[in-house]
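One structure is given below, encoded as structure tokens.
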Amino acid sequence: MLLIQNAHLIDPASRTDGIRDILIEGEKIIKIAEHIAPGEAAPALTVLNAEGLTAIPGLVDAHVHFRDPGFTWKEDIDSGARAAAAGGVTTVVLMANTKPCVDNADTLRYVLEKGEKTPIHVATCANVTLGMKGKELVDMKALHAAGAAGFTDDGIPLLSEETARAAMEAAAAEGVPISFHEENPAFIENNGINAGKASAHFGIGGSDRQAEIDMVERDVRLAQETGACVVIQHISTKEAVELVRQAKKKGADVHAEATPHHFTLTEEAAIQYGTLAKMNPPLREEADRQAIIEGLSDGTIDMIATDHAPHSAEEKAKPVTEAPSGIIGLETSLALGISELVDTGRLTLTQLIERMSLAPARLYGLDAGYLAEG
């Protein structure tokens with residue numbers, strides 16, 4: 001048995017924020033109390049004095065790419081799980097843009113079974129459309145029954161309003177969240193670089209902010225009309241944050257993710273670091289970064305999700321118009337949350353932990369994101 005004494009325990013679910021002792025046997029919490037005497041436990045007891053340390057729930061990252069199957073030179077489920085554990089992330093929700101993509105029960109089963117062999121909890125979304133082609137819907141009922149935590153074609157925007165509406169209606173009928181990658185290619189010349197100072201620096205056309213605004217405007221409206229639980233992925237513009245804020249005020253079941261890179265960096269990082277800071281949607285302006293932080297502070301943005309998206313060094317070494325978009329984040333997300341949000345006074349530590357654990361767990365119906373006896 002392990003007795004952790006004098007830990008600063010933060011648990012948003014029980015609204016605990018104070019000094020507690022925690023008694024653990026095997027992988028189960030036996031007791032949480034203000035004081036647990038060593039004599040209360042079995043003789044074979046290890047005592048850890050956690051004075052000055054903080055105990056929090058395992059983090060839940062609801063937007064992760066482990067590239068498995070099909071792109072395992074970038075990452076696989078095993079290496080991704082190790083990265084997650086190193087960052088304090090004990091539960092992940094994987095995206096479905098693999099090869100083959102997760103539009104069928106066999107691939108879904110492969111991902112879940114491989115995830116069971118890792119030291120963390122691995123859930124996954126399935127696709128919204130067959131082959132991620134944006135046309136024919138998958139069998140959501142069958143895939144949900146087979147274990148899909150939600151549905152998304154993340155990586156590719158769903159351009160057809162008719163298809164988006166039908167997908168929301170199907171997801172609402174199943175009672176599962178449906179997530180959208182909000183970038184209209186009509187407003188994008190080269191993705192991954194903000195249209196403005198960054199694109200001018202590289203001498204290319206970039207990704208205009210209207211690409212996101214246009215899609216979010218449509219999808220919050222459809223969410224209101226269909227009653228679906230809709231997640232706006234990796235929000236990047238101040239206008240999109242405001243659209244989500246207003247949709248929530250109207251009663252829409254709309255949620256939003258913010259990534260650590262979007263609340264920490266701006267397009268200046270793309271100018272400085274080139275392809276290493278190229279991602280979709282791109283890093284934008286300081287006003288957008290501040291709007292995202294304000295959205296996290298007032299609850300407009302429900303959760304922090306990394307959009308952990310690894311690539312090989314060889315791929316990132318290509319010219320800016322050829323290198324793939326994506327940045328890693330699992331190992332650094334908590335540290336960035338503390339330094340950029342808590343230490344600056346924008347969020348309390350409890351609020352940060354809630355947005356990185358309990359909120360995403362509740363959204364996806366996962367038994368995670370809290371500390372409790374049993």
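For region 59-363, the Cβ-based charge dipole about the Cα centre amounts to some 260 debye (Lys, Arg positive; Asp, Glu negative; other atoms uncharged).
A dipole drawn for region 59-363 from +1 and -1 charges on Cβ atoms has a positive end, and of ILE188, ALA84, ALA291 the residue lying farthest that way is ALA84. Placing a label point 7 Å from the Cα of ARG109 along the Cα-to-Cβ line, the residues of region 137-173 whose backbone N sits under 16 Å from it are 142-148. Simple spin-label model, 7 Å along Cα-to-Cβ: GLU315 to ASP253 in nm? Output for this residue pair reads 3.4 nm. Region 187-240 and region 49-100 have Cα centres lying 26 Å from one another.
Using the structure shown, select from LYS133/LYS238; LYS248/LYS278; LYS197/LYS249; LYS141/LYS248; LYS238/LYS316; LYS28/LYS117 the pairs with a Cα to Cα distance greater than 22 angstrom. Before the final figure, lay out each step's value.
Values: LYS133/LYS238 29 Å; LYS248/LYS278 30 Å; LYS197/LYS249 34 Å; LYS141/LYS248 27 Å; LYS238/LYS316 28 Å; LYS28/LYS117 19 Å.
The answer is LYS133/LYS238; LYS248/LYS278; LYS197/LYS249; LYS141/LYS248; LYS238/LYS316.
Here each label is just a point 7 Å from Cα along the line to Cβ, and for SER14 and GLU373 those points are 0.8 nm apart.
Helix-derived [θ] at 222 nm for the chain: sum -39500 (n - 2.57) over DSSP H runs of at least 4, divide by residue count, nearest 500? Spell out each step's value before the answer.
Numbers: 14 runs with 121 residues, N = 374.
Result for the chain, helices only: -9000 deg cm²/dmol.
If you take all C-alpha pairs in the chain, what percent of them are over 28 Å apart? Please report the intermediate quantities before stating the final value.
Numbers: 31244 of 69751 pairs.
That tail contains 45 percent of the Cα-Cα pairs.
Can you give the extra length, in nm with one decimal, that the chain gains between GLU25 and ALA173 once fully stretched, where that is 0.36 nm per residue apart less the Cα-Cα distance?
Numbers: separation 148, 0.36 × 148 = 53.28 nm, distance 4.10 nm.
Stretched out fully, the GLU25 to ALA173 stretch lengthens by 49.2 nm.
Taking 16 Å as the cut-off, the amide N atoms of region 274-293 that come nearer than this to a point 7 Å along the Cα-to-beta-carbon line of ILE204 belong to 274-284.
Coordinate-derived values only; no laboratory data. Predicted, not measured: the structure shown is a model, and the values here were computed from it. Virtual Cβ from ideal backbone geometry, glycine too; neighbours counted across all protein chains shown.
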